[in-house]
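J.: First the structure, then my questions, so here it is.
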Amino acid sequence: MRIAVIPGDGIGQEVVAAALPALDLVAEIFDLDATVEQFDWGADRWLRTGVGLPEGAVAQLRAEFDAVLLGALGDPRIPDMAHGRDILLGLRRGLDLCVNHRPLPLATGTIELFRENTQGLYAGVGGTVGPPDRPTVAIDECVYTRDTVQRFLRYSLGRIRDAGQRRVTLVHKANAVPHTGRLWRELYAAELAAFPELDGTDEYVDAFCYHLVRDPGRYQGVVAPNLFGDIISDIGAALLGGLGLAASASICPQARLALFEPVHGSAPDIAGTGVANPYATVLCLALMLDHLGHRAPADALRAALAAARAEGGTPDVGGHDTTSGFMTRVLAALRHQH
Ligand code: NAI
Ligand code: MG
């Protein structure tokens, strides 16, 4: 496994540095060959050189790596997050990562949440009329192509079935956003026909949010367009017990190379204090191992996280551990299992 690591900014650097020894240890225990190469793409480099995602980065990742691990991007010195958009959107679009998978292991059962990751309101189509600094009209278009929606749904429904789930819900707002809404509903019905094991329904996003908070056990597989998926995945992270626990995988249905990142940002409010929660980043390593076909080491990492959490945790989840203190528990639990 050749893994490109982009620690990024703020606590991204801290949680990545803390989590990587868990990859080394699990690789040693399971006799896996994992090599890691670090890239300094982030705020410091942007401020120094004006470069976010360097020229040729996408081609290099495609040619030389099996997976990308990203910490977080975001820096108070770059308030418009220009570098983050350049790097994150550049990777998502450049690597054609149209599927974003966020598992939500809740007490009521696991929700497998899949969000379309490249189009919709985030397609970057739009513009302004009038003076650029004080426009009179501002437009962001919601753009979906049949091809991307179809690839996204086919892949996500397959993963939901493979996870052993039976219910799946499409989240949309076809009453108020009719054109893309109809395209999604049409393709959802068509793709579902190939999955007789799945019982498919659909819900308006507002009603879905209401039920998700009150009765999360009602949901198993969930598929959603970009904007709705972004919002409901943060509600999901809140239900999990915090942003520090939520991990995501960005996947291209047609390629092996995928990107793994914790859901949280660079947390400037706690950066440098040594208490960032590395849980989500270790969970990213488990998702990465799953994706690359190494199920047993992925399960071992998840078991070690659960054991560590039963004993302690960082302050964001109500514990007193430091970042490295929590990782000491994770590594001890891994060694203890094997
Ligand atoms: P954030 O996720 O960085 O932080 C929100 C709150 O959760 C903060 O109070 C923070 O201390 C806490 N928190 C987050 N992760 C934590 C962890 N692992 N352990 C303990 N506490 C944690 O979101 P915020 O503050 O809105 O954004 C900060 C910067 O990060 C901004 O520049 C933003 O643009 C960027 N950002 C980047 C993302 C990415 O790289 N994918 C995602 C979200 C935000
Ligand atoms: Mg988000």
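J.: Any idea which of L292, L227, L257, L287 is farther than 21 Å from T118 by Cβ and either of a type outside the set (G, A, S) or more than 16 Å from ligand 1 (Cβ to nearest atom) (or both)? Even if it seems obvious, please write down each step before you answer.
T.: Details: L227 fails: farther than 21 Å from T118 by Cβ; L257 fails: farther than 21 Å from T118 by Cβ; L287 fails: farther than 21 Å from T118 by Cβ.
It is L292.
J.: Look at D96 and say whether it is at positive phi, away from ligand 2 (no atom under 16 Å from the Cβ) and surrounded by 13 or more Cβ atoms within 10 Å (Cβ to Cβ).
T.: Values: at positive phi: yes; away from ligand 2 (no atom under 16 Å from the Cβ): yes; surrounded by 13 or more Cβ atoms within 10 Å (Cβ to Cβ): yes.
Spelling it out, D96 is indeed at positive phi, away from ligand 2 (no atom under 16 Å from the Cβ) and surrounded by 13 or more Cβ atoms within 10 Å (Cβ to Cβ).
J.: Same structure, new question: Determine if region 206-215 includes at least one residue that is part of a helix (DSSP H, G or I) and within 16 Å of ligand 1 (Cβ to nearest atom).
T.: Within region 206-215, not a single residue is part of a helix (DSSP H, G or I) and within 16 Å of ligand 1 (Cβ to nearest atom).
J.: Does G265 qualify as being within 16 Å of ligand 1 (Cβ to nearest atom), within 14 Å of the chain's Cα centre (by Cα), not acidic (D, E) and not in a loop (DSSP other than H, G, I, E, B)?
T.: Against the criterion (within 16 Å of ligand 1 (Cβ to nearest atom), within 14 Å of the chain's Cα centre (by Cα), not acidic (D, E) and not in a loop (DSSP other than H, G, I, E, B)), G265 does not qualify.
J.: Among the aromatic types (F, W, Y), under 23 Å from D290 (Cα atoms) and touching a helix residue (DSSP H, G or I) at 6+ places or on another chain (Cβ under 6 Å) - does that describe any residue in region 255-266?
T.: Yes, because at least one residue in region 255-266 is among the aromatic types (F, W, Y), under 23 Å from D290 (Cα atoms) and touching a helix residue (DSSP H, G or I) at 6+ places or on another chain (Cβ under 6 Å).
J.: To continue, here is another question. Which condition number in (1) over 14 Å from the mean Cα position of the chain (by Cα); (2) closer than 30 Å to G318 by Cα; (3) surrounded by 23 or more Cβ atoms within 10 Å (Cβ to Cβ); (4) within 16 Å of ligand 2 (Cβ to nearest atom) is the one that P225 fails?
T.: (2)
J.: Let me ask you something else. Within region 250-262, can you find the residues that are under 12 Å from the mean Cα position of the chain (by Cα) and within 27 Å of A174 (Cα to Cα)?
T.: S250, I251 - these are the residues of region 250-262 that are under 12 Å from the mean Cα position of the chain (by Cα) and within 27 Å of A174 (Cα to Cα).
J.: So, in region 61-81, of the ones that are at pLDDT 95 or above and over 23 Å from T281 (Cβ atoms), which residue ends up surrounded by the most Cβ atoms within 10 Å (Cβ to Cβ)?
T.: R62
J.: Let me ask another. Which of the following residues is touching a residue at least 40 places away in the same chain (Cβ under 8 Å) and assigned to a helix (DSSP H, G or I): T169, T180?
T.: Exactly one residue qualifies, and that residue is T180.
J.: Further question: Mind telling me which of the residues A238, A298, A310 ends up being within 14 Å of ligand 2 (Cβ to nearest atom) and in a helix (DSSP H, G or I)?
T.: A238
J.: So how many residues does region 248-286 have that are of a type in the set (D, E) and in contact (Cβ under 8 Å) with a residue 24 or more places away in the chain?
T.: 1
The values are calculated or read from the model by the stated rules, or taken from the named source; none is laboratory data. Keep in mind the model is a prediction, meaning the values are calculated, not measured. So basically every Cβ, Gly included, is an ideal-geometry build from the backbone, and we count neighbours across all protein chains shown.
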